[in-house]
Amino acid sequence: MKKLDGTRRAFGSVLGAAALLGLAPLAMAQDFPARSKPIRIVVGFTAGGGTDAQARIVALKLGEVLGTSVIVDNKPGASTMLAANEVSRALPDGYTLLYAPSSTMAQNPHTFAQVPYDPFKDFTAISMGGRGPLVLSVSTTVPANNVKELVAYVKAHPGKVSYASFGAGTSSHIYGEAFVKKTGIDAVHIPYKGGSDAAKDLIGGRVQYMFDSASSAIITSATGKVKVLAIAANARIAALPDVPTFAEQGYAGLDLPSWLGFYGPAHMPAPVVAKLNAALTRVLAMPQVREFYLSGGYEAGATTPEEFAGITRSTYERWGALVQQVGLSKQ
C-alpha cells in the first residue's frame, strides 16, 4: 500500500509539473512585455539607412502601444546574416526580434555557401512590415528612356556597358544577371560593398545602370543624373506612379516579391507571438507610419504570422528557381 501511495504521489507530481509547463506560455504572455525589460529589434544594416529608419519609427510606436521601451540594435555585416544569426540564438521570449529584408530568408540560403541559420527551423514569423520592389535605374549618360531603348543601347555597345550591384549574390546582382539572360545583352557586372556606394557611382556615371531599392532610386533620381525606367514588381508603386513595370514594357518575369518583416527566434510561445502581431498590426496601420514608409518607396502593412510564414516560403522557392535559372554559383 505504501508503495502504491508513493507511486500515486510521484504520478501526481509529474501531472502537476506538466500542468505548470502547459501554463507557462500563458503566464509568459500575460506578463509580456515587462516594463523593466526592453524589446530589442535587431537590424542587419548600419544606422541611418532606409531599413534602420523604418525599424526606428516602428520601435517608437510599438513602445507606445505595448507600454514599454523598444530599441533598435544595429548589427551590420555578412549581408544581414550576422543579425539573423544573433536573433536565431536568442531566448524565444519575445524580447529579441529581427527586422529583415526578404533577402535574409529567401535569397541568402541560395547564394551563400555558408549561412549560419535555417530560415524555417530557426525563426518564428511574426508579421510582414512593408513591401518595396527593386527598380531599374539608369544614368542620364545613357540615351534610354525605357527598357527597350536600354537593351538596344547595350546591344550596340557589347561588353562596354557596366551595371552595379549591392554585392555579389545580392538581390540587385541576381536581378542584373536575370536581366542579362532574359534580354541577351552583354553587360559587365561591378559589385559594390553596399547600395550607397553603388548609387554614388551611378550618379557619377561611372556605371551605367543598376537594380536599386525604390527608396534609394527616389533620392538618386532627384539629382537629375539618374532615371528610373522600370519597377521589378507585378504592379506600379505609389511612390513612383509614372514608372511602368517590366511586364508593362514587354519583359515579364522580373517581378519577384521584395519585402521586409519581423521575426523572432524559433519556438516562441503562441500567445506572445499573437500579442506582438496585434501590436505591429496597429502600428503599421498608423497614418504617420504608412506615410513614412511611402516616402521611402514602400507600402507598410501587417500580415498574420501564418500568412507571413507562407510568404517567406513562397519567396524562398521563387528566388531559388531564379538563381538556378541564372546559374549563379554560391559565394
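The values are calculated or read from the model by the stated rules, or taken from the named source; none is laboratory data. Keep in mind the model is a prediction, meaning the values are calculated, not measured. A quick note on method: Cβ atoms are made from the backbone with ideal geometry, for glycine too, and the neighbour counts reach across all protein chains shown. Heavy atoms of the whole protein, side chains included, go into the accessibility calculation; ligands, DNA and RNA do not. Shrake-Rupley method; radii C 1.70, N 1.55, O 1.52, S 1.80 Å.
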Subtracting the Cα-Cα distance of Ser36 and Thr281 from 0.36 nm times their residue separation yields 85.8 nm
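Could you order Leu294, Leu91, Leu97 so the one with the most accessible surface comes first? Probe is 1.4 Å.
Sorted by accessible area, descending: Leu91, Leu294, Leu97.
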For Asp197, the accessible surface traced by a 1.4 Å probe with all protein chains present amounts, in square angstrom to the nearest 10, to 70 Å²
The percentage of Cα-Cα pairs in region 111-190 separated by more than 20 Å is 47 percent
With the label point 7 Å along the Cα-to-beta-carbon line of Arg318 and a cut-off under 14 Å to each amide N, the hits in region 225-242 are 232-236
For Gln288, placing the label point 7 angstrom along Cα-to-beta-carbon and taking region 56-74, residues whose amide nitrogen sits under 20 Å are 56-73
Once both label points are put 7 Å beyond Cα along the C-beta direction, the His267-Asp242 separation in nm becomes 5.5 nm
Carbon and sulfur atoms account, in whole percent of the 1.4 Å probe accessible area of the chain, for 56 percent
Rounded to the nearest 10 Å², the accessible area of Ile237 using a 1.4 Å probe with every protein chain kept is 20 Å²
Projected onto their principal axes, the Cα atoms of region 180-331 stretch, largest extent first, over whole-Å spans of 53, 37, 32
Taking Rh as the Kirkwood radius computed over alpha-carbon pairs of region 39-145 and applying Stokes-Einstein at 20 °C with viscosity 1.002 mPa s, one gets a diffusion coefficient in µm² s⁻¹ of 140 µm²/s
Rg/Rh of the chain (Cα atoms, Kirkwood Rh), to two decimals, equals 1.09
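Quick check: with the 1.4 Å probe, what order do Arg40, Arg236 take by accessible area, largest first?
Arg236, Arg40
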If the chain between Phe120 and Leu91 were fully extended at 0.36 nm per residue, the gain over the current Cα-Cα distance would be 8.8 nm
Using a 1.4 Å probe on heavy atoms of the protein chains only, the accessible area for Val326 in Å², nearest 10, reads 30 Å²
Hull volume per residue for region 131-246, using the convex hull of the C-alpha atoms, in Å³ is 92 Å³
Kirkwood radius from Cα pairs of region 236-279 plugged into Stokes-Einstein at 25 °C, 0.890 mPa s, gives D in µm²/s equal to 174 µm²/s
